[in-house]
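Here the structure comes first, spelled out in structure tokens, and everything after it is commentary.
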Amino acid sequence: MSGQTEAGCIFCKVATKVIPAKTIAETDSALAMHSVNPAAPTHVVVIPKAHYKTAADLADKAPDVMADVMREACKAAAALGLAAEGYRMVVDTGHSASQETTHAQVHVMGGRNMNWPPG
């Protein structure tokens, strides 16, 4: 894994195995896990293993890692049987967008019809 982790970050602790998670898939730079607070029947969170505060931070500093995170999100959706019916990918960036953990993350949700608009 390249990049740094942040000591107080819960997702960095998951990435370094300090905190256990129900991992679905993992690469050198990304980790896909089941959400501990699901908002849909299937809810996966995909994170970069290194600490980036937001998706914008990740895109600016490590676009290759961002591509890996997105690729793993799509793979997780397919592996969990969401591809045929469809799924939603959500990237919250900042407090007003409901980003609760200051670590870039992609949520993959499916298993039910998603409403529009999402907010």
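Observations on the model:
- Residue match in region 50-59 (condition: in a strand (DSSP E or B) and not polar (S, T, N, Q)): no
- Subset tally (residues that are in a loop (DSSP other than H, G, I, E, B) and either in contact with a helix residue (DSSP H, G or I) (Cβ under 6 Å, 6 or more places away or on another chain) or surrounded by 15 or more Cβ atoms within 10 Å (Cβ to Cβ) (or both)) for region 4-36: 8
- Filtering region 60-85 to residues that are within 17 Å of P38 (Cα to Cα) and assigned to a loop (DSSP other than H, G, I, E, B) leaves L80, G81, L82.
- Any chance D92 is crowded, with 17+ Cβ neighbours inside 10 Å, more than 14 Å from the chain's Cα centre (by Cα) and under 22 Å from K13 (Cβ atoms): no
- Region 94-119 residues that are closer than 13 Å to A77 by Cβ, paired with ones that are part of a loop (DSSP other than H, G, I, E, B) and charged (D, E, K, R) (beta carbon under 8 Å, 6 or more apart): H107/D92; G110/E85
- Qualifying residue in region 19-31 (condition: more than 27 Å from R112 (Cα to Cα) and free of Cβ contacts under 8 Å to residues at least 12 places away in the same chain): yes
Taken together, the values in this text are just the output of simple stated rules run on the coordinates, not laboratory data. On a predicted model such as this, the values are computed, not experimentally measured, just so you know. Cβ coordinates were reconstructed from backbone atoms using ideal geometry, including for glycine residues, and neighbour counts include every protein chain displayed.
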